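K.L.:
Before we start, here is the structure in question, set down as structure tokens.
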Amino acid sequence: MSQADFSIHAQVSRSEATEAMTAPAFRVPAKKMAMWLFIIADSATFAGCLVAYGFIRNSTPDWPRPFHGAAELTNVALMTLILLTSSLTMLLGVQTAQAGEKAKAFRWTLITALFGILFAALHLREWMGMIGEGATLFHNPWGTPLFSSLFFSITGLHLLHVTGGVIALFAVALKYQRGRYQADDLEITGLYWHFVDLVWMFVVPFVYLLNLAR
Amino acid sequence: MTTGVAHKSSLGKDLIVYVCLLALAAIQFVIAYQNISTAQMFVRMLAVALIEAGLALLFFMHLSENRGLRWFVLIFTVAVLLGLQYGWTDSFRLIDGVPWAK
């Protein structure tokens, strides 16, 4: 092998190494990766809350089961339907944005945010009903106060995420419409919204359905 | 800036996943009315919730299209979830006492 061949080989190796060092991890751009890292961290937060709830529920005799009416379950079912449907509209928003249909993407993202507002309104109505029955963070009429402490903490944390998601959706959608944000930004916000939906899939069975009166 | 990975999303596939998620959510409500113990109910609901989460992660969040990221998310999440399980024995001890202490 000549000196020139060695030189070319070294240059190719160096460029390959540089590319490998600067290429985004898993072919995912940095801001999308940041969202995934946030989602992983946030899933640990929710998992911590749900596992703590499990520990306390398991170690508390006579755990209350206050959900008995069809109206309460209908409300939870409706909230689930709204959140799942909002995930679908978010997907439509991202797909239309990637297809370059800006007006449609903006509309679908706003519909997703409106579903989020509807979900929050139903959630607050449910909370008001429970507060009306005498449940607060430190007291409830059904037994151990730990029940309402955990119920309001877990559902409150989720509601906080929904509220944050709605604000983010409005902000990103408006900036997308004005041309400051791209389809990628909608997709990243969509990842967060799907995560909020995913968490609800665990909150419903463990916080509501396992506390159904028998 | 582009995402680097073009998603092969289609409305048909997303609709199928959406209907599956609705059906699984409905199954959780059916399980809640079954005449079984709380432990059995918990296991069944957890299984359904995990399937729902898997579908949402793979198709709505597009993890099915990126193998490396899929393993990254899976390993980190499972490690955290396993780490959180250390306290269950204490939870049982609180309600049942310490069975091995004389």
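The values are calculated or read from the model by the stated rules, or taken from the named source; none is laboratory data. Model, not experiment: these values are computed from the prediction. Glycine also receives a Cβ, built like all others from the backbone with ideal geometry; neighbour counts cover every protein chain displayed. The accessibility values were calculated without ligands, DNA or RNA, using every heavy atom of the protein model including side chains. Shrake-Rupley method; radii C 1.70, N 1.55, O 1.52, S 1.80 Å.
K.L.:
Pairs needed: first member in region A:34-46, aliphatic (A, V, I, L, M); second member anywhere, part of a helix (DSSP H, G or I); C-beta distance under 6 Å; at least 6 residues apart or different chains.
P.N.:
Matching pairs, first to second residue: A:M35/A:I188; A:M35/A:L191; A:I39/A:F195; A:I40/B:F76; A:A44/B:V80.
K.L.:
Determine the pairs where a residue that is within 9 Å of chain A (Cβ to nearest Cβ) and over 18 Å from A:L198 (Cβ atoms), located within region B:74-86, has a partner that is surrounded by 12 or more Cβ atoms within 10 Å (Cβ to Cβ) and of a type in the set (A, V, I, L, M, F, W, C) with Cβ atoms under 8 Å apart, the partner being 6 or more residues away or on another chain.
P.N.:
Short answer, once both residue conditions are applied: B:Q85/A:V51.
Each row is one residue, and each column tells you yes or no for (1) assigned to a helix (DSSP H, G or I); (2) crowded, with 20+ Cβ neighbours inside 10 Å; (3) aliphatic (A, V, I, L, M); (4) under 13 Å from the mean Cα position of the chain (by Cα).
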residue	(1), (2), (3), (4)
A:F115	yes, yes, no, no
A:A135	no, yes, yes, no
A:W142	no, no, no, no
A:I154	yes, yes, yes, no
A:L159	yes, no, yes, yes
A:V162	yes, yes, yes, yes
A:Y181	no, no, no, no
A:D184	yes, no, no, no
A:T189	yes, yes, no, yes
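K.L.:
Let me ask something additional. With the requirement that a residue be part of a helix (DSSP H, G or I), of a type in the set (A, V, I, L, M, F, W, C) and open to solvent by 40 Å² or more (accessible area, probe 1.4 Å), what does region A:88-108 give you?
P.N.:
Listed by number, the residues that qualify are A:A103, A:W108.
K.L.:
Taking region A:32-80 on its own, how many of its residues are loosely packed, with under 15 Cβ neighbours inside 10 Å, more than 7 Å from chain B (Cβ to nearest Cβ) and either closer than 28 Å to B:G83 by Cβ or over 18 Å from the mean Cα position of the chain (by Cα) (or both)?
P.N.:
So the count comes out to 11.
K.L.:
What about A:I111, is it more than 22 Å from A:V203 (Cα to Cα) and either β-branched (V, I, T) or surrounded by 21 or more Cβ atoms within 10 Å (Cβ to Cβ) (or both)?
P.N.:
So A:I111 passes the test.
K.L.:
Testing B:S9 on (1) surrounded by 14 or more Cβ atoms within 10 Å (Cβ to Cβ); (2) within 9 Å of chain A (Cβ to nearest Cβ); (3) modelled with pLDDT of 90 or more, one condition comes back false. Which one is that?
P.N.:
Going through (1) surrounded by 14 or more Cβ atoms within 10 Å (Cβ to Cβ); (2) within 9 Å of chain A (Cβ to nearest Cβ); (3) modelled with pLDDT of 90 or more one by one, B:S9 breaks only (3).
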